[in-house]
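The values are calculated or read from the model by the stated rules, or taken from the named source; none is laboratory data. What you see is a predicted model, and the numbers here were worked out from it, not measured in a lab. So basically every Cβ, Gly included, is an ideal-geometry build from the backbone, and we count neighbours across all protein chains shown. Just so you know, the surface numbers come from the protein's heavy atoms only, side chains and all, with ligands and any DNA or RNA stripped out. Shrake-Rupley method; radii C 1.70, N 1.55, O 1.52, S 1.80 Å.
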Amino acid sequence: MNAIVKAGLKYFLFFCLIYGSLTAISLIPQVGQWGNAMYRPATERILQSVFQKAYIKLKAKPNDVSAIQIEYASKAKVQENWQIANAGGSRRAIKINGKIYEFDFYKTFFSFYIFFVALMLLSPLPRTELAISLLVGSILYYLFSVFRVVMPLAFFLNQPEVDIYHASDFSMSIIKNVNYYLTIGVNLLVVLILWIGLAFRKNNWQQLLRVS
Amino acid sequence: MSAKKRNKKSRKKQAPPTLREKIQVYFASKNPILKFLLGFVGSMLLFYLFYYSGLYRNYLEYPFLNAQVRLSNLLLQLFGQGTIADGTIISSSEFSVNLKNGCDGLEAMAILCSGIIIFPIEWSYKWKGILWGILILFIANLLRIAGLYLAGRYFSAEVFDILHIQGGFIVFTLLSVLLWFLWMNWAINKKQKTAVV
């Protein structure tokens, strides 16, 4: 029993060391800015392909590395305004102010991704397998985080005043329910599921704590 | 031909495993884990159905949060903090924390219980793990609440925010996972020792 508890405490200390260090690094503003900048382009492309009737642009919020702003506008309305402005044949520029939905990049992705990395680094895997699992897990967790952005955005794009999509009442109730259930707890659960699925096989779970 | 030479020859003839064979071996070793994951996810789904049900939200959530607030407040008063507990709020003239769903530690307890229930071993080992696990996590959550109050009172709102998500939520979940692995090691050891006797 003592050996098991000792092994558990040792694991906990190692975890706190790795997770604490990674968190401290992630809180350096330049690192946050870099993560924020890395996250936006691919996410913007995915959102643009999911919501093809909308113009979507992801922007960093000035003086706040943890926030990402999604500016959206209806393509149909933009084109309508364009035609009205250029009715006389002149090519005039038009200015469109889109609506903005803002989310916390750290709470949606970064903090939980660091948790995943810390868990994986302490997993009993050979180096090559660890690298592959880390890569696969990173992609899967990134896609989940994008899903977490897609669902609230789907809700906003379906609002009558925005007038871009017009989902049925049934679809809207699904979107509302999914948003209601996508809590921070579910974020953690997804990380744990990815970790168990990628790091463990038939008999290696006993090597995690390395009980002597 | 000697046995040594024959062995060498047969080894030479053996072709290295193809990518398809490697993938098959990988998934064969993953099979029990994938089954385990399926059970774990199913069990957590059942928990969330209960956690978001009217029964929990309307009748159980408030008394449970209130009990945790009272006990954490008691703990803070033991350390000389002049706090008062009111409903789901611990407050003093300097700072206050409002306990909401998600701060109750139930998700972490559910992760531990799901892991123990799904693990293939006799129930005589499981109930001990569940009882001790819930007790440890409940006490740890009281310490977490009291610690968050102290962080908010003596440090800044930023420190409170960081500890709330990083320190509080993530490390607390890790604690539940750790208890689960400790229990699995303990249960397997105990079973092996019983089998030897």
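Quick rundown of the values:
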| item | result |
| --- | --- |
| Which of B:T18, A:T183 is most accessible, then next, and so on - probe 1.4 Å | B:T18, A:T183 |
| FRET E, pair B:Y26, A:Q206, Förster distance 25 Å, beta-carbon r, rounded to 0.05 | 0.80 |
| Heavy-atom accessible area, 1.4 Å probe, ligands and nucleic acids excluded: residues of the stretch A:191-208 down by at least 10 Å² from chain alone | A:L192, A:I193, A:W195, A:I196, A:G197, A:L198, A:F200, A:R201, A:K202, A:W205, A:Q206, A:L208 |
| A:R201, B:R70, reordered so the largest accessible area comes first (probe 1.4 Å) | B:R70, A:R201 |
| Length-normalised contact order of chain A in % [C-alpha pairs under 8 Å, at least 6 apart] | 23 percent |
| Cα gyration tensor, the protein assembly as shown - rounded (a/c under 1.5), prolate or oblate | oblate |
| Carbon/sulfur fraction of accessible area - chain B, other protein chains in place, 1.4 Å, % | 67 percent |
| For the stretch A:94-212: relative contact order, % (alpha-carbon pairs under 8 angstrom, 6 or more apart) | 38 percent |
| Separation in nanometres of the label points that stand 7 Å from Cα toward Cβ, at A:Q33 and B:I136 | 4.4 nm |
| At least 30 Å along the helix axis (C-alpha) and Kyte average at least -1.0, DSSP helices within chain B | B:19-51, B:123-154, B:171-196 |
| For chain A, size of Cβ-based charge dipole, Lys and Arg +1, Asp and Glu -1, in debye | 400 debye |
| Fraction of the pair-distance distribution of chain B above 25 Å, Cα-Cα pairs, percent | 54 percent |
| Magnitude of the charge dipole, the stretch B:27-159, Cβ model with Lys/Arg +1 and Asp/Glu -1, debye to 20 | 360 debye |
| Positive-end residue of B:S124, B:L49, B:H164, charge dipole of chain B with Cβ unit charges | B:S124 |
| At most 11 other Cβ within 10 Å, DSSP loop - chymotrypsin sites (Phe, Trp or Tyr not before Pro), the stretch B:41-138 | B:F79 |
| Estimated [θ] at 222 nm from DSSP helical runs (n ≥ 4, -39500 (n - 2.57)) normalised by residues in chain B, nearest 500 | -24500 deg cm²/dmol |
| Partner aspartates and glutamates for A:K57 [C-alpha distance under 17 Å; skip if fewer than 8 residues away on the same chain] | A:E44, A:E71, A:E102, A:D104 |
| Charge dipole (chain A, unit charges on Cβ, about Cα centre) - positive-most of A:P124, A:M38, A:F112 | A:P124 |
